[in-house]
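Data first, discussion second: the structure below is written as C-alpha coordinates.
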Amino acid sequence: MSTLVLLSGGMDSVTALYWAAKEKGVLAAVSFDYGSKHNAKEIPMAEWHAAQLGVKHDVIHLDFINRHFTSDLLQSGGEIPDGHYEEASMKRTVVPFRNGIMLSIACGLAESHGAEALVIAAHSGDHAIYPDCREPFMQAMSDAMRSGTYVGIHLLRPFIDYDKAEIVRRGVKLGIDYAKTWSCYKGGEIHCGTCGTCVERREAFINAGVPDPTKYVSTEPLPQRPK
(Lines give C-alpha, C1' and ligand atoms only; values in the text may rest on other atoms or scores of the structure.)
Protein backbone atom coordinates (compact mmCIF):
# COMPACT_ATOMS: atom_id res chain seq x y z
CA MET A 1 0.00 0.00 0.00
CA SER A 2 1.65 3.23 -1.13
CA THR A 3 1.35 6.11 1.32
CA LEU A 4 1.68 9.84 1.84
CA VAL A 5 2.89 10.77 5.34
CA LEU A 6 1.92 13.87 7.31
CA LEU A 7 5.36 14.96 8.51
CA SER A 8 5.64 17.85 10.93
CA GLY A 9 9.24 17.18 11.95
CA GLY A 10 8.28 16.18 15.49
CA MET A 11 9.12 12.86 17.15
CA ASP A 12 5.82 11.17 16.38
CA SER A 13 5.52 12.07 12.70
CA VAL A 14 9.18 11.26 12.02
CA THR A 15 8.65 7.84 13.58
CA ALA A 16 5.55 7.39 11.44
CA LEU A 17 7.60 8.22 8.34
CA TYR A 18 10.17 5.53 9.13
CA TRP A 19 7.42 3.06 10.04
CA ALA A 20 5.66 3.69 6.74
CA ALA A 21 8.91 3.43 4.77
CA LYS A 22 9.54 0.01 6.30
CA GLU A 23 6.01 -1.38 6.39
CA LYS A 24 4.13 0.22 3.48
CA GLY A 25 6.19 2.31 1.07
CA VAL A 26 6.15 6.12 0.93
CA LEU A 27 5.49 8.11 -2.24
CA ALA A 28 5.79 11.51 -0.53
CA ALA A 29 5.61 13.40 2.74
CA VAL A 30 3.91 16.72 3.42
CA SER A 31 4.47 19.43 6.02
CA PHE A 32 2.21 22.42 6.68
CA ASP A 33 3.51 25.90 7.47
CA TYR A 34 0.52 27.43 9.20
CA GLY A 35 2.23 30.14 11.22
CA SER A 36 2.98 28.29 14.44
CA LYS A 37 5.74 29.56 16.68
CA HIS A 38 7.75 26.40 16.02
CA ASN A 39 7.17 25.78 12.30
CA ALA A 40 10.58 27.28 11.46
CA LYS A 41 12.27 24.73 13.76
CA GLU A 42 10.13 21.71 12.84
CA ILE A 43 10.00 21.87 9.06
CA PRO A 44 13.80 21.66 8.52
CA MET A 45 13.72 18.47 10.61
CA ALA A 46 11.01 17.07 8.36
CA GLU A 47 13.06 17.98 5.28
CA TRP A 48 16.15 16.29 6.75
CA HIS A 49 14.43 12.97 7.45
CA ALA A 50 12.64 12.92 4.10
CA ALA A 51 16.02 13.43 2.43
CA GLN A 52 17.56 10.59 4.47
CA LEU A 53 14.94 8.24 3.07
CA GLY A 54 14.91 9.70 -0.44
CA VAL A 55 11.26 10.71 -0.07
CA LYS A 56 9.72 13.62 -1.96
CA HIS A 57 8.79 16.35 0.54
CA ASP A 58 6.19 19.07 0.01
CA VAL A 59 5.59 22.11 2.23
CA ILE A 60 2.14 23.66 1.96
CA HIS A 61 1.64 27.17 3.30
CA LEU A 62 -1.59 27.86 5.20
CA ASP A 63 -0.99 31.44 6.31
CA PHE A 64 -4.73 32.05 6.71
CA ILE A 65 -4.62 30.00 9.92
CA ASN A 66 -2.20 32.40 11.61
CA ARG A 67 -4.20 35.39 10.38
CA HIS A 68 -7.70 34.22 11.24
CA PHE A 69 -7.57 31.49 13.91
CA THR A 70 -7.21 31.87 17.67
CA SER A 71 -4.48 29.85 19.40
CA ASP A 72 -1.43 30.63 21.50
CA LEU A 73 0.48 28.14 19.34
CA LEU A 74 0.34 30.65 16.48
CA GLN A 75 2.64 33.59 15.97
CA SER A 76 -0.44 35.79 16.29
CA GLY A 77 -1.31 34.27 19.70
CA GLY A 78 -0.15 34.78 23.27
CA GLU A 79 2.61 33.18 25.31
CA ILE A 80 3.03 29.40 25.33
CA PRO A 81 2.15 28.07 28.81
CA ASP A 82 4.51 25.93 30.86
CA GLY A 83 3.36 22.78 32.63
CA HIS A 84 2.31 19.23 31.88
CA TYR A 85 1.01 18.44 28.42
CA GLU A 86 -2.35 17.27 29.80
CA GLU A 87 -3.07 20.34 31.95
CA ALA A 88 -6.13 22.40 31.01
CA SER A 89 -3.90 25.39 30.29
CA MET A 90 -2.48 23.58 27.27
CA LYS A 91 -5.84 23.90 25.53
CA ARG A 92 -4.69 27.43 24.73
CA THR A 93 -2.32 25.85 22.20
CA VAL A 94 -5.04 23.97 20.31
CA VAL A 95 -5.45 25.24 16.74
CA PRO A 96 -9.15 24.76 15.93
CA PHE A 97 -9.76 21.81 13.60
CA ARG A 98 -6.11 21.76 12.52
CA ASN A 99 -6.03 18.05 11.74
CA GLY A 100 -9.33 18.26 9.87
CA ILE A 101 -7.94 20.97 7.58
CA MET A 102 -4.60 19.30 7.06
CA LEU A 103 -6.02 15.85 6.49
CA SER A 104 -8.45 17.20 3.90
CA ILE A 105 -5.64 18.84 1.95
CA ALA A 106 -3.35 15.84 2.36
CA CYS A 107 -6.09 13.53 1.11
CA GLY A 108 -6.31 15.47 -2.15
CA LEU A 109 -2.53 15.50 -2.39
CA ALA A 110 -2.38 11.75 -1.78
CA GLU A 111 -4.81 11.02 -4.59
CA SER A 112 -2.90 13.39 -6.86
CA HIS A 113 0.34 11.52 -6.12
CA GLY A 114 -1.34 8.16 -6.73
CA ALA A 115 -1.07 7.08 -3.09
CA GLU A 116 -3.54 4.66 -1.56
CA ALA A 117 -3.33 5.86 2.04
CA LEU A 118 -2.40 8.70 4.38
CA VAL A 119 -0.32 8.12 7.52
CA ILE A 120 -0.83 10.31 10.58
CA ALA A 121 1.01 9.91 13.89
CA ALA A 122 -1.83 10.72 16.29
CA HIS A 123 -1.31 8.85 19.57
CA SER A 124 -3.10 8.21 22.86
CA GLY A 125 -1.37 11.05 24.72
CA ASP A 126 -2.85 13.60 22.31
CA HIS A 127 -6.40 12.72 23.27
CA ALA A 128 -6.46 14.72 26.51
CA ILE A 129 -6.47 18.13 24.86
CA TYR A 130 -6.93 17.63 21.12
CA PRO A 131 -10.43 16.60 19.99
CA ASP A 132 -9.20 16.20 16.40
CA CYS A 133 -6.66 13.56 17.46
CA ARG A 134 -9.17 11.20 19.06
CA GLU A 135 -10.17 7.96 17.39
CA PRO A 136 -13.86 8.87 16.77
CA PHE A 137 -12.68 11.90 14.79
CA MET A 138 -10.05 9.88 12.96
CA GLN A 139 -12.58 7.21 12.09
CA ALA A 140 -14.98 9.83 10.72
CA MET A 141 -12.23 11.38 8.61
CA SER A 142 -11.20 7.95 7.39
CA ASP A 143 -14.76 7.24 6.29
CA ALA A 144 -14.97 10.61 4.52
CA MET A 145 -11.71 10.00 2.67
CA ARG A 146 -12.77 6.60 1.43
CA SER A 147 -16.15 7.95 0.34
CA GLY A 148 -14.79 11.12 -1.24
CA THR A 149 -11.97 9.73 -3.40
CA TYR A 150 -11.97 7.52 -6.46
CA VAL A 151 -9.33 5.19 -5.03
CA GLY A 152 -10.82 5.15 -1.53
CA ILE A 153 -7.93 6.72 0.38
CA HIS A 154 -7.27 4.98 3.71
CA LEU A 155 -6.25 6.85 6.86
CA LEU A 156 -3.60 4.88 8.72
CA ARG A 157 -2.95 5.81 12.37
CA PRO A 158 -0.44 3.19 13.53
CA PHE A 159 0.19 4.82 16.92
CA ILE A 160 -3.38 5.64 17.94
CA ASP A 161 -3.25 3.23 20.90
CA TYR A 162 0.37 3.99 21.88
CA ASP A 163 1.75 6.45 24.36
CA LYS A 164 4.78 8.54 23.42
CA ALA A 165 7.21 6.28 25.30
CA GLU A 166 6.16 3.33 23.11
CA ILE A 167 6.66 5.49 20.01
CA VAL A 168 10.20 6.26 21.20
CA ARG A 169 10.93 2.57 21.77
CA ARG A 170 9.76 1.72 18.27
CA GLY A 171 11.66 4.62 16.78
CA VAL A 172 14.90 3.49 18.40
CA LYS A 173 14.45 0.07 16.80
CA LEU A 174 14.02 1.86 13.46
CA GLY A 175 17.31 3.68 14.00
CA ILE A 176 15.84 7.18 14.20
CA ASP A 177 18.08 10.06 15.29
CA TYR A 178 15.71 11.90 17.65
CA ALA A 179 18.20 14.74 18.02
CA LYS A 180 16.98 15.65 14.54
CA THR A 181 13.38 16.21 15.67
CA TRP A 182 11.65 19.18 17.25
CA SER A 183 8.95 19.41 19.93
CA CYS A 184 9.15 22.75 21.77
CA TYR A 185 6.14 24.95 21.05
CA LYS A 186 8.11 28.10 21.91
CA GLY A 187 10.38 27.67 18.91
CA GLY A 188 13.56 29.06 20.50
CA GLU A 189 17.13 28.18 19.60
CA ILE A 190 16.95 25.04 21.76
CA HIS A 191 14.09 23.26 23.53
CA CYS A 192 12.88 25.20 26.57
CA GLY A 193 12.30 22.07 28.66
CA THR A 194 9.27 23.48 30.49
CA CYS A 195 6.41 23.90 28.01
CA GLY A 196 3.89 21.08 27.66
CA THR A 197 5.48 19.53 24.60
CA CYS A 198 8.97 19.65 26.12
CA VAL A 199 7.63 18.04 29.30
CA GLU A 200 5.97 15.33 27.21
CA ARG A 201 9.19 14.77 25.26
CA ARG A 202 11.34 14.49 28.39
CA GLU A 203 8.79 12.20 30.03
CA ALA A 204 8.70 9.93 26.95
CA PHE A 205 12.44 9.27 26.97
CA ILE A 206 12.43 8.63 30.72
CA ASN A 207 9.50 6.22 30.51
CA ALA A 208 10.98 4.48 27.48
CA GLY A 209 14.29 3.98 29.29
CA VAL A 210 16.12 5.62 26.39
CA PRO A 211 18.79 8.36 26.67
CA ASP A 212 17.40 11.75 25.64
CA PRO A 213 19.65 13.41 23.02
CA THR A 214 17.86 16.76 23.33
CA LYS A 215 19.45 19.95 24.65
CA TYR A 216 17.11 21.88 26.97
CA VAL A 217 17.28 25.34 28.51
CA SER A 218 15.88 23.85 31.72
CA THR A 219 15.88 20.32 33.11
CA GLU A 220 14.02 21.19 36.29
CA PRO A 221 11.95 18.35 37.79
CA LEU A 222 9.00 17.34 35.63
CA PRO A 223 5.54 18.40 36.79
CA GLN A 224 3.11 15.68 37.82
CA ARG A 225 0.48 14.46 35.39
CA PRO A 226 -2.93 16.00 36.21
CA LYS A 227 -5.40 13.61 37.86
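The values are calculated or read from the model by the stated rules, or taken from the named source; none is laboratory data. This is a predicted model, so every value here is computed, not measured. With ideal geometry, Cβ positions are generated from the backbone for all residues, glycine too; neighbour counts draw on all protein chains shown. Surface accessibility is based on the protein's heavy atoms, side chains included, excluding ligands, DNA and RNA. Shrake-Rupley method; radii C 1.70, N 1.55, O 1.52, S 1.80 Å.
One table, with the values for the structure above:
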quantity	calculated
Spatial separation of Cα centroids for region 166-227 and region 76-117, in angstrom	19 Å
Cα Rg over Rh - region 71-130, Kirkwood	1.09
Cα gyration tensor shape of region 2-52, rounded if a/c is under 1.5, else prolate or oblate by comparing a/b with b/c	prolate
Helix-only mean residue ellipticity at 222 nm for the chain, each DSSP H run of n ≥ 4 adding -39500 (n - 2.57), per residue, nearest 500	-12000 deg cm²/dmol
Cα gyration tensor shape for region 131-227, rounded if a/c is under 1.5, else prolate or oblate	prolate
Percent accessible area from carbon and sulfur atoms, region 72-227, protein chains only, probe 1.4 Å	52 percent
Surface per residue (accessible, 1.4 Å probe) for the chain, Å²	44 Å²
Listed residue pairs exceeding 30 Å between alpha carbons, taken from LYS41/LYS227; LYS22/LYS91; LYS164/LYS227; LYS91/LYS173; LYS173/LYS215	LYS41/LYS227; LYS22/LYS91; LYS91/LYS173
Mean separation of Cα contacts under 8 Å, 6 or more apart, over the residue count of region 45-175: relative contact order %	19 percent
Helix 196-208 axis, angle to the chain major axis (alpha carbon atoms, nearest 10°)	90 degrees
Relative contact order (%) - criterion: Cα under 8 Å, at least six apart; region: the chain	23 percent
5 Å binning of all Cα-Cα separations within region 1-152, expressed as whole percents from 0 upward	2, 9, 18, 22, 22, 16, 8, 3, 0
The chain - charge dipole about Cα centre, Lys and Arg +1 at Cβ, Asp and Glu -1, debye rounded to 20	180 debye
For THR194, net neighbour charge (Lys/Arg +1, Asp/Glu -1) across residues whose Cβ lies under 13 Å away	-3
With all protein chains modelled, accessible area of TRP48 [1.4 Å, Å²]	80 Å²
Solvent exposure, largest accessible area first (probe 1.4 Å, DNA, RNA and ligands not counted), of SER76, SER36	SER76, SER36
Solvent-accessible surface (1.4 angstrom probe) belonging to ILE206, in square angstrom, nearest 10	110 Å²
Cα lying deepest toward the dipole's positive end in region 84-191, options LEU174, PHE159, ALA117, charges on Cβ	LEU174
